[in-house]
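Enquirer: Before I ask anything, let me first share the structure, which is written out below as structure tokens.
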Amino acid sequence: MSSLELNGRKISLKRGDITREEVDAIVNAANSSLLGGGGVDGAIHKAGGPEILQQCKEIKARQGGCPPGQAVITSGGKLKSAYVIHTVGPIWRGGSGNEAETLASAYRNSLALAEEFDLKSISFPSISTGAYGYPLEQAAEIAIKAVKEYCRKESGSIEAIYFVLFDQFTFDAYKQALQS
Ligand code: APR
């Protein structure tokens, strides 16, 4: 575990499976259809059960899908966390398509939604660095910067922010970003 205290809030890195987190909300690296997929999306739907997909379908029926950089919220179903915040990271297309801003927005909008629900703790995966191909070091820097920016706010319900990283390589990249 690596962690950093900032303005009374704590950012922590840990290795593991995000579906096992006991926090108010875990964040899903979803796709715009909100209908599930592989990777962390697949793991969350598998562990959380059909209730989560049902709520995603209701959101889709109401507002269409979830554009990259935006976030929606459902219950946690069978998960230990009360909520799942589904956000959509950018697909890496070489960096000229505003991917960095879209990735930062995915973190910012997930935090804003958690705050709207007065949540105190949230766990993020490494958004976009799997199937979406975002270069890991750049993504980690953007993620840590966006979360540090949140921690510097004077008000806000969130007290603990976790990054739950699935492999050592990803963990090391986030540790490097946290320490820089
Ligand atoms: N817990 C934590 N992290 C996980 C887990 C898990 N259970 N499973 C995978 N990961 C990690 C991956 O190793 C990677 O580091 O999450 C990170 C993000 O990888 P993806 O899940 O592939 O997400 P992303 O790159 O954002 O691609 C999203 O993939 O699964 C589909 O439906 C999803 O279309 C969307 C796309």
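Enquirer: Taking neighbour counts of Cβ atoms within 10 Å as a proxy for exposure, in what order, fewest first, do Phe124, Phe169 appear?
Expert: The order, fewest Cβ neighbours first, is Phe169, Phe124.
Enquirer: Turning to a different aspect of this structure: Where the only charges are on Cβ atoms (+1 Lys, Arg; -1 Asp, Glu), what is the dipole of segment 38-93 about its Cα centre, to the nearest 20 debye?
Expert: That gives segment 38-93 a dipole magnitude of about 40 debye.
Enquirer: Quick check on the exposure proxy: order Asp24, Asp172, Asp118 from fewest to most C-beta atoms within 10 angstrom. Can you show the working numbers first?
Expert: Working: Asp24 22, Asp172 16, Asp118 10.
Starting with the residue having the fewest Cβ neighbours, the order is Asp118, Asp172, Asp24.
Enquirer: With 10 angstrom as the radius, rank His45, His86 by how many other C-beta atoms surround their C-beta, starting from the fewest.
Expert: Arranged by neighbour count, lowest to highest, His45, His86 become His45, His86.
Enquirer: To the nearest 20 debye, what is the magnitude of the charge dipole of segment 65-150 about its Cα centre, counting +1 on the Cβ of each Lys and Arg and -1 on the Cβ of each Asp and Glu? Spell out each step's value before the answer.
Expert: On the way: 7 positive and 8 negative charges, 56 e Å.
Here the size comes out at about 260 debye.
Enquirer: A further question on this structure: For the pairs Lys46/Lys145; Lys60/Lys175; Lys60/Lys80; Lys57/Lys78, flag any whose C-alpha to C-alpha distance is greater than 26 Å.
Expert: Lys46/Lys145; Lys60/Lys175
Enquirer: Shifting gears a bit: Given the DSSP H assignment, sum -39500 (n - 2.57) over each helix run of at least 4 residues in the chain and divide by its residue total; what's the result at 222 nm in deg cm²/dmol, nearest 500? Walk me through the numbers before you get to the answer.
Expert: Working: 5 runs with 70 residues, N = 180.
Dividing the helical sum by the residues of the chain leaves -12500 deg cm²/dmol.
Enquirer: Length gain on complete extension for the stretch Ser157 to Arg15, per 0.36 nm per residue less the alpha carbon to alpha carbon distance?
Expert: 48.6 nm
Enquirer: Right, here's the next one. Please give the charge dipole size of the chain, origin at the Cα centre, charges +1 on K and R Cβ atoms and -1 on D and E Cβ atoms. Round to the nearest 20 debye.
Expert: 160 debye
Enquirer: At R0 = 30 Å, how high is the FRET efficiency between Ser3 and Ala61 if r is their beta carbon distance? Nearest 0.05 is fine.
Expert: About 0.15, to the nearest 0.05.
Enquirer: Could you pull out every one of the aspartates and glutamates with an alpha carbon less than 19 Å from that of Lys14, ignoring same-chain neighbours closer than 8 positions?
Expert: List returned: Glu5, Glu22, Asp24, Asp41, Glu137, Glu141, Glu159, Asp167, Asp172.
Each reported figure results from applying straightforward, stated rules to the coordinates on display, with no laboratory input. Everything quoted here is computed from the prediction, not taken from an experiment. Virtual Cβ from ideal backbone geometry, glycine too; neighbours counted across all protein chains shown.
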